[in-house]
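Data block below; observations after.
Quick note: the coordinates plus some simple rules give every number you see, no bench work behind them. Quantities reported herein were computed from a predicted structural model and do not represent experimental measurements. Here the Cβ positions follow ideal geometry from the backbone for every residue, glycine too, while neighbour counts run over all protein chains shown.
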Amino acid sequence: MKSWIERRWGKNRARASQKPVVRFYTRRPCMLCARVEAELRRWARRHRFAIERIDIDTDPTLQARYVVWVPVTVVGQQEFHYELDQAAFLAALKDAREAAGGKTEARPGARSG
C-alpha cells in the first residue's frame, strides 16, 4: 500500500503532465507580438499552461498562412488573432484542459485580470 506522500506526489506529477500547450505564432519585428507574448507569459504562470513559440518566418507555409494575422494564439481548436480577449481565452483553455482530461480550476489564489 502506498503512503499518502506517494499518492499525493503521484497526483501532482499526473497534473503536471496534463498542462495544456498554447501555440503562439509570431515574427520579428512585431511590437504587438511582444506585448501579447508578455501577457501570455503572465497568464501561463497563473493558469498553468505551456507556451510553444513558433516563428512563422522559419516556415514558408506558416508565413503564407499567418503573415497578415500575427500574433496568432491557438488554444485547442480556437485561434485568436492580434489581441487576446481574456474571458474567451480562458474559456478555450478550460475546454482544451477538459478535452485532455485534466483539471479545470486555476491554481489556488489565482486571479483573473
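Here segment 21-99 yields Rg over Rh of 0.95, to two decimals, using C-alpha coordinates and the Kirkwood radius. The calculated FRET efficiency for residue 19 paired with residue 39, based on their beta-carbon distance and R0 = 22 Å, is about 0.75.
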